[in-house]
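Data first, discussion second: the structure below is written as C-alpha cells.
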Amino acid sequence: MLSLRLFYGSTAFLIGPKRQVTMMLDPVRIYATAIYLASIIVALFCALYVRNKLLTLLAIMLQFGALIWYSLSYIPFARSMVSNVMAACFDTEF
C-alpha cells in the first residue's frame, strides 16, 4: 500500500502537486481517482475498526486495480486494449 502512495507522490514531485491534482480530476481519470481514494478509506476502516482481514485485502486489491486503471489512462488506447483482452478472456461463448 505504501508503494501505491509513493507512485502518486513521485509524480507529484516531478510535475508539481497542483498539476497532479488537476490531472487526477480530468474527466478521463476522475472515476479511477475516486475509486482509489474511496478504497483507501475503506481499507483503513476495515483494518482499524472492523478488523476483518478479508475485507481489508479486498479493499487493497480494489485500490491496486484503480491505480492500474489510472496509470493506463496515460498510455494511448491502453484502456480499450485491456478491456478488449479481458472481454476476450472471460467470454463464455464458444
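Here, each number is a calculation from the coordinates, and none is a lab measurement. Predicted model, so just to flag it, every value in this text is computed and none were measured. We place every Cβ from the backbone using ideal geometry, glycine too, and count neighbours over all the protein chains shown.
Before moving on, here are some points about what is shown:
- Selection within region 51-62 - in contact with a Ser or Thr (Cβ under 8 Å, 6 or more places away or on another chain) and without any contact (Cβ under 8 Å) to a residue 40 or more places away in the chain: A59, L62
- Looking only at region 14-27, and only at residues there that are part of a helix (DSSP H, G or I) and surrounded by fewer than 14 Cβ atoms within 10 Å (Cβ to Cβ), the one that is nearest to the chain's Cα centre (by Cα): V21
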